[in-house]
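A.B. asks: Below: one structure in structure tokens.
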Amino acid sequence: MPTESDEIELSEHELREIAGYAADCARRALPIFEQGRPADTRPRDAIDAAHAFAGGGRRTAALRQSAWAAYRAAGEAASPAAADAARAASHAAAAAYLHPKASAHQVKHILGAAAHAARAEELASGEDQRVTAGALERARQTAPPAVTTVLCRLPAAPPGGGRVGELIRDLDAALRA
């Protein structure tokens, strides 16, 4: 297993697949945010920017700014579920900036959108664990090959992070199995 200071191989194709996956995961939770703030387009814009990058677009300052804008939208969300939906969008746009470092922290960048989207769905359902399990299973089944390939180059997801951290570790373990 590589050490934290090592760099890993990370191709542009893999980075684009990861960003597209993150955007797809975040898009599933977007209605939860938009229900309470339909005029606030920041999370949608971040997801769209991530999809544009995944489809061959450039990594631009606007892409990074869209990630930060969605993050700020989380702070203004109508509910905790909506906040996690906005955080999922933020993570989707930020996935384009994954670092080729052998750091457990990078696992959070790969799976953060999926975990926040699952948490948003969980909270919106009244914490129905069947909803959570379904969201994680969807995220596992829809992960493109690059997600698993890059995860296997990294240490396992780190401890901590509350419920979202737990969901990241669960999804990480499922994808590596």
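A.B. asks: Within region 107-146, track down each residue that is surrounded by fewer than 20 Cβ atoms within 10 Å (Cβ to Cβ) and of a type in the set (A, V, I, L, M).
C.D. replies: Result: Val131, Ala133.
A.B. asks: Among the residues in region 63-70, are any on the phi < 0 side of the Ramachandran plot, open to solvent by 80 Å² or more (accessible area, probe 1.4 Å) and not aromatic (Phe, Trp, Tyr)?
C.D. replies: Checked region 63-70: at least one residue is on the phi < 0 side of the Ramachandran plot, open to solvent by 80 Å² or more (accessible area, probe 1.4 Å) and not aromatic (Phe, Trp, Tyr).
A.B. asks: Out of Glu76, Glu14, Glu34, I need the residue that is open to solvent by less than 60 Å² (accessible area, probe 1.4 Å) and out of contact with any Pro (no Cβ under 8 Å at 6 or more places or on another chain). Which one?
C.D. replies: Glu14
A.B. asks: Further question: Only one of these is in contact (Cβ under 8 Å) with a residue 24 or more places away in the chain, hydrophobic (A, V, I, L, M, F, W, C) and not in a helix (DSSP H, G or I): Ala146, Ala156. Name it.
C.D. replies: Answer to the selection: Ala156.
A.B. asks: Look at region 36-61 and say how many of its residues are farther than 23 Å from Ala120 by Cα, touching a residue at least 12 places away in the same chain (Cβ under 8 Å) and either in contact with a Ser or Thr (Cβ under 8 Å, 6 or more places away or on another chain) or not in a loop (DSSP other than H, G, I, E, B) (or both).
C.D. replies: 2
A.B. asks: Considering (1) among the β-branched types (Val, Ile, Thr); (2) open to solvent by 40 Å² or more (accessible area, probe 1.4 Å); (3) closer than 16 Å to Cys25 by Cα, say which one Thr149 fails and leave the rest.
C.D. replies: For Thr149, the failing item is (3).
A.B. asks: Can I ask one more? Pick out the one residue from Ala85, Ala77, Ala117, Ala157 that is within 28 Å of Asp6 (Cβ to Cβ) and modelled with pLDDT of 95 or more.
C.D. replies: It is Ala157.
The values are calculated or read from the model by the stated rules, or taken from the named source; none is laboratory data. It should be emphasised that the depicted structure is a prediction, and the values quoted were computed from it without experimental measurement. Here the Cβ is made from the backbone with ideal geometry for all residues, glycine too, and neighbour counts use every protein chain on show. The protein model used for the area step is the full one, side chains on, heavy atoms only, and it has no ligands, DNA or RNA in it. Shrake-Rupley method; radii C 1.70, N 1.55, O 1.52, S 1.80 Å.
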